Structure formats: C-alpha cells, structure tokens
Amino acid sequence: MERAVRAAEQALIEFEIAVETFRVEVENFSRLHHQKLGPMYTRLDELDALIAEAKASRSGDPEDLRRAREARSLVMPMPGVDELFHDWLGSDGISDDASAMLTDRPVRPPERVRPAEEVRRLYRELVRQAHPDLAQEEGERERRDAFIARVNAAYGRGDEGLLRELAEEWAAGPAPEAAVPGESDELYARLEWLARRKELLSLVAKELEDSAIGSMLRMAPEDPDRLLEEIAEQLLAQVSEREAELAAELAAE
C-alpha cells in the first residue's frame, strides 16, 4: 500500500508538471500573440475602415455609408474593465508583472512561447524535489507551496538564472523529513485524495486544451513559436493587400 501511495504521488506530480507547462505555454502564446500581432490586427481594422470610407465617399450609397460606420466602430474600441485589468489581478491577487510596474522593477515579458529546454529541465527537477504533496506536516507543506509559487513564476518568465538561484536555495534549506509510514486507513485516504486531485487536474487540462489558444497550440505542438511567425507572415500579406486596395480606391475618387 505504501508503495502504491508513493507511486501515485509521483504520477500526480508528473501530471501536474505537464499541466503547468502547458498552462504556461497557453499564457505565453496569448501574451506574445497580443504583443507581436496586435498592431497588425489594429492596422488591418484601420485599413478596412479607410477602404469602406473611401467607397462610401465615392458612392454616397446609404448601405456603403452604413458599412463605413460599422468598420470605423471596430477600430480601437473603448476597452472594458476586464481588458483594463488584464493580467493585473488574478485568484492570487496582484500579478508579478503588475507588482513590478508598481514598484519600478523591470517587467520581463516572455520571449518565447515555450521556455528553453534547460529552463524546462530545471523547472521539472525543482518541482519533483519541492512539490507540496511530498510534505508530511502542514508547516512544511506551506513552505513548499510558497516556494513552488516562486518556481512557477520564474518558469513562466523563462528565467533560467532565477531558477538556478531557487535550486541553490532549496538545496541549502532544511532537508525534507522522511515519510512516516501510515496506517492502512490513512493510506487509503491518501490514495483517494490523490485520485480526486488527478480528476481536478484533468478538468483543468481539458479546459486549457479546449480554449482558443490551446487549440492553436495543438496545431504546432513541436514549435509553437514558429506558428506565431507564420500567423505574422499571413497578417503582413493581408496588410499589403488592404493597402493596395485602399490605394486603388483613393485613385478612383
């Protein structure tokens, strides 16, 4: 029974690592998509509005005028409250990036969708060593929870240097207490808790996979950064087409 519990704990940790790494990729893809491609989408909206306005000006047709108004209304709409506070507040309070801006610390947005292989290796090793589920006492679990939160934040930013510092910090900290064999009822209860935790993580994983960004990532599981480049190339081509169309409309006036 004890071996079954230990095996279930390790399996759950590996599953949590997989879910967290995918969550980071989904979040990074979303942020980089907004940072890199947002201006292109804005330019396309502006060109569509200018083309529609040029057509309406030339024809004077009420339907063309209506289309022009609709196209212009899509350009830089007033952001809602959720957009204004996007990535600032979460279930754990103010985000690391928001805190950095408020305290004048530099904000380090992700450079890639998927962190470098060495960053991923360091992250996996730290989680395997310091995971809260390996704790036997509540105080030790809280210490591990706080530490893993810092590890997750460093991994999300792809910060290899900070992960190495955290690895040194963990190695220098108090050695984890040896697991104390429990009674059969306690072991059964532990197995049931691990099973429930796995079910909850499975729901989180499915939600990530079914999201719009998750679906896009599944199109390029080996190289999600290349997918961003391909989308950018497509948008640039669309911008060129719209600019040519606008030039033709203006020349026809």
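In region 109-143, which GluC sites (Glu not before Pro) fall in coil by DSSP and have 14 or fewer other Cβ atoms within 10 Å?
Glu111, Glu137
Would you please classify the overall shape of region 186-253 from the alpha carbon gyration tensor, given that a ≥ b ≥ c denote the square roots of the eigenvalues, rounded means a/c under 1.5, and beyond that prolate means a/b larger than b/c while oblate covers the rest?
In terms of gyration-tensor shape, prolate.
Principal axes first, then extents: for the Cα atoms of region 117-162, list largest minus smallest coordinate on each axis, whole Å, largest first.
33, 15, 13
Going by average Cβ neighbours within 10 Å, how do the peptides 37-48, 157-168, 230-241 rank, with the highest at the top?
157-168, 37-48, 230-241
Based on the alpha-carbon gyration tensor of region 113-223, what equivalent-ellipsoid semi-axes (square roots of 5 times the eigenvalues) come out, in whole Å, largest first?
28, 23, 10
Quick one: how many Å² of Lys36 are accessible to a 1.4 Å probe, rounded to 10?
So the heavy atoms of Lys36 present about 110 Å² to solvent.
The values are calculated or read from the model by the stated rules, or taken from the named source; none is laboratory data. Computed from a predicted model, the values in this text were never measured in an experiment. Cβ coordinates were reconstructed from backbone atoms using ideal geometry, including for glycine residues, and neighbour counts include every protein chain displayed. Ligands, DNA and RNA are stripped out before the accessible areas are found, and what is left, the full protein with its side chains, is counted by its heavy atoms. Shrake-Rupley method; radii C 1.70, N 1.55, O 1.52, S 1.80 Å.
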